[in-house]
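The values are calculated or read from the model by the stated rules, or taken from the named source; none is laboratory data. Predicted model only: the values in this text are computed from it and were never measured. So basically every Cβ, Gly included, is an ideal-geometry build from the backbone, and we count neighbours across all protein chains shown. Side chains included, ligands, DNA and RNA excluded: accessible areas come from the protein's heavy atoms. Shrake-Rupley method; radii C 1.70, N 1.55, O 1.52, S 1.80 Å.
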Amino acid sequence: RQNGQSIARGPRKVRKALSLQMLVIALFHDPLCLNADGTCANVLELKHTECMWFSSSAPIPTYVLGANDQETVSYFPDVSGCELAENITYLGRRGLYSGTSGLQIAYLSGTESRDEPAPAYSFSTKDVAELKTSLLSTPNFKGVDILLTSPWPRDVGTFANSAGEIDTKKHGSKLVSDLAASLKPRYHFAALEKAYYERLPYRNHTVLQETPQHVSRFIALADVGNTSKKKYLYAFSIVPMSLMDAAELVKQPQDVTENPYRKSWKEARKTKAPLCAEEEPACQFFFDLNKHQGKKRPSDEKERGNSQPKPAKKPPQPTGPCWFCLASPEVEKHLVVSIGTHCYLALAKGGLLPDHVLILPIGHYQSVVDLSSEVVEEVTKYKSALKEFFRSKGKRYVLFERNYRSQHLQLQVIPVPLDHCTSEDIKESFIAQAQEQQIELLEIPEHSDITQVAQPGTPYFYVELDTGEKLFHRIRGRFPLHFGRSVLASEALLAVPQRADWRRCAAERAEE
């Protein structure tokens, strides 16, 4: 395991784990404790018996969370925390336990409630907010070592390996997701769904935008003694975050994924909802291609203090026939929609949809990073015009470029219905399918330029949404040529998987 952590699973390994300083049992439907002989028992049943457990001390301190329903509230006499038996401690409704070694364990008892105040067996928005405030206000707060909750966090399976029969988009608590996103636990344990699930580790920072931070791991455990023999014990050793070397702490394992709660963060930060297609003002969809003949207005030059405009840089010439240079006889000009000074717009041959278009430079440029400033300016105008046009039709566009095994820049622009999926759904689909194919697709700052992350001649794959959000992959080996189309054609987005390969979608010239 990462960071030198050793993991032991299963009931036979429990005795080996008893050398740990403490045992935390928080992952259950009913509270459980670990007996001295290595077996688990139900605390609620033991409460009314003269079990040997209560007449002798536990081998190590044992900590439990509280009730998850009204029937079990009475077994916890003090909601703020108390000792249930010698060496068996109920932590309380919420808080932070700090061990003598420096290990920090945040905990939240009960299930989510929308009522204020919440029932004794539940937590509310206020409970989560107060717990977050108390911890985030700590100077130099980096996160906690362990987070214990009963419910799973909602959406924990996003970007990750399958959670089996549990649909993480429908099950779990949004408040727990918010808590995990804020507290950044190195380990998060929960078990209310009664299923074993060990999620791939996920990042707590945005690549290329934030300083690298430690990763988080979510582990859900099944019911003790379940007939399906699903794992319900998880013993491990951990060095407190406060004692770790900074470089060692932030090491990223190879199987790390994007943060599953990123969507929740952004929704919480939004102060104004985006305009719907019907709310956008009417305007001309395509700019006047003849106006200024592609030159900057004199007033612009004066504002910049330039007396003479810089001469346009001539594009490199193709070494052979090119299907996309507008002056080339190979260009299928019947597909051309609009011609500007430096760029033109054309329907895609074998397009995913009838309104799938390409933005292409008139001259011969291999990629976006090779474009001159004049061409970039006109590409931006085309993108802006297409955004307004597609939004007026109730759609949003997805743009991608594959600078790999291609000679001439092709910006593929595919519209997706607004009511079919959100921009977050599109990003999730790209990232999830990239991970399945071991492609590292990273999000880059919305207002950054791709030339900041890729140099001319660098093979790459690039996705841009009409919101300005961008995803980038530096190609270092082989890359699936139809990756962009395959993601958009998938059932999760356009649901036309049969059109992933353009060659299978070719139409007769008359139809085109």
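Residue pairs whose Cβ atoms lie under 6 Å apart, separated by 6 or more positions or on different chains, with the first residue in region 92-105 and at negative phi and the second small (G, A, S) and outside any loop (DSSP other than H, G, I, E, B), are L96/A106; Q104/S98. Of all residues in region 343-378, those that are of a type in the set (A, V, I, L, M, F, W, C), in a helix (DSSP H, G or I) and crowded, with 21+ Cβ neighbours inside 10 Å total 3.
Please verify whether S177 is open to solvent by less than 40 Å² (accessible area, probe 1.4 Å), closer than 25 Å to V64 by Cα and in contact with a Phe, Trp or Tyr (Cβ under 8 Å, 6 or more places away or on another chain), treating the condition exactly as stated. Here the answer is yes, as S177 does meet what is asked. In this structure, is T149 hydroxyl-bearing (S, T, Y) and touching a helix residue (DSSP H, G or I) at 6+ places or on another chain (Cβ under 8 Å)? When the stated conditions are applied, T149 passes them.
For region 379-406, the tally of residues that are part of a strand (DSSP E or B), open to solvent by 40 Å² or more (accessible area, probe 1.4 Å) and either touching a Phe, Trp or Tyr at 6+ places or on another chain (Cβ under 8 Å) or aromatic (F, W, Y) (or both) stands at 1. Confirm whether E198 is open to solvent by 10 Å² or more (accessible area, probe 1.4 Å) and over 20 Å from E443 (Cβ atoms). Taking the combined requirement at face value, the residue satisfies it.
Comparison of L91, L65 shows that the only residue that is touching a Ser or Thr at 6+ places or on another chain (Cβ under 9 Å), crowded, with 16+ Cβ neighbours inside 10 Å and under 30 Å from E165 (Cα atoms) is L65.
Which residues, taken from region 129-162, are β-branched (V, I, T), closer than 23 Å to K194 by Cα and at pLDDT below 95?
If the condition is that a residue be β-branched (V, I, T), closer than 23 Å to K194 by Cα and at pLDDT below 95, then T158 is the only one that fits.
Within region 68-81, being open to solvent by 70 Å² or more (accessible area, probe 1.4 Å) and of a type in the set (A, V, I, L, M, F, W, C) holds for one residue alone: V79. When region 357-370 is limited to residues that are modelled with pLDDT under 95 and within 29 Å of the chain's Cα centre (by Cα), the one that is farthest from L335 (Cα to Cα) turns out to be V369.
Among the candidates L135, L147, the residue that is more than 15 Å from the chain's Cα centre (by Cα), farther than 28 Å from I426 by Cα, assigned to a strand (DSSP E or B) and free of Cβ contacts under 8 Å to residues at least 60 places away in the same chain is uniquely L147. When region 411-421 is filtered for residues that are in a loop (DSSP other than H, G, I, E, B) and either surrounded by fewer than 17 Cβ atoms within 10 Å (Cβ to Cβ) or touching a Pro at 6+ places or on another chain (Cβ under 9 Å) (or both), the ones remaining, listed by number, are D419, H420, C421.
Of all residues being open to solvent by less than 20 Å² (accessible area, probe 1.4 Å) and touching a residue at least 40 places away in the same chain (Cβ under 8 Å) in region 220-234, which is farthest from the chain's Cα centre (by Cα)? Just the residue, please. Give the derivation first.
First, the residues of region 220-234 that are open to solvent by less than 20 Å² (accessible area, probe 1.4 Å): 220-222.
From the residues that got through so far, the ones that are touching a residue at least 40 places away in the same chain (Cβ under 8 Å) too are 220-221.
On the way: A220: 19, L221: 23 Å.
For region 220-234, the residue satisfying everything is L221.
Check region 456-477 and report whether any residue there is open to solvent by 40 Å² or more (accessible area, probe 1.4 Å) and more than 30 Å from P253 (Cα to Cα). Yes, because at least one residue in region 456-477 is open to solvent by 40 Å² or more (accessible area, probe 1.4 Å) and more than 30 Å from P253 (Cα to Cα).
Report yes if some residue within region 463-474 is over 18 Å from F390 (Cβ atoms) and out of contact with any helix residue (DSSP H, G or I) (no Cβ under 8 Å at 6 or more places or on another chain); otherwise report no. Looking through region 463-474, at least one residue is over 18 Å from F390 (Cβ atoms) and out of contact with any helix residue (DSSP H, G or I) (no Cβ under 8 Å at 6 or more places or on another chain). Note on region 430-484: no enclosed strands (runs of 3 or more DSSP E) hold 3 or more residues that are free of Cβ contacts under 8 Å to residues at least 24 places away in the same chain. Contact map, region 336-357: first residue of a type in the set (K, R), second residue not in a loop (DSSP other than H, G, I, E, B), Cβ cut-off under 7 Å, separation 6 or more or different chains; pairs are K349/L335; K349/W502.
Determine whether A432 is open to solvent by less than 10 Å² (accessible area, probe 1.4 Å) and either over 17 Å from L352 (Cα atoms) or polar (S, T, N, Q) (or both). For A432, the condition - open to solvent by less than 10 Å² (accessible area, probe 1.4 Å) and either over 17 Å from L352 (Cα atoms) or polar (S, T, N, Q) (or both) - is not met. L84 - would you say it is crowded, with 18+ Cβ neighbours inside 10 Å, part of a strand (DSSP E or B), in the same structural domain as L249 (by the TED database) and under 31 Å from the mean Cα position of the chain (by Cα)? It is false that L84 is crowded, with 18+ Cβ neighbours inside 10 Å, part of a strand (DSSP E or B), in the same structural domain as L249 (by the TED database) and under 31 Å from the mean Cα position of the chain (by Cα). Among residues of region 235-250 that are of a type in the set (A, V, I, L, M), those with a beta-carbon under 6 Å from a residue that is open to solvent by 60 Å² or more (accessible area, probe 1.4 Å) and assigned to a helix (DSSP H, G or I) at least six positions away or on a different chain give the pairs A235/K13. Among the residues of region 53-62, those identified as surrounded by 14 or more Cβ atoms within 10 Å (Cβ to Cβ) and either of a type outside the set (A, V, I, L, M, F, W, C) or within 32 Å of the chain's Cα centre (by Cα) (or both) are P59, P61, T62. The requirement of being open to solvent by 20 Å² or more (accessible area, probe 1.4 Å), of a type in the set (D, E) and in a helix (DSSP H, G or I) is not satisfied by E165.
Of the residues making up region 112-121, those that are modelled with pLDDT under 95 and either farther than 19 Å from R154 by Cβ or outside any loop (DSSP other than H, G, I, E, B) (or both) are E116, P117, P119, A120, Y121.
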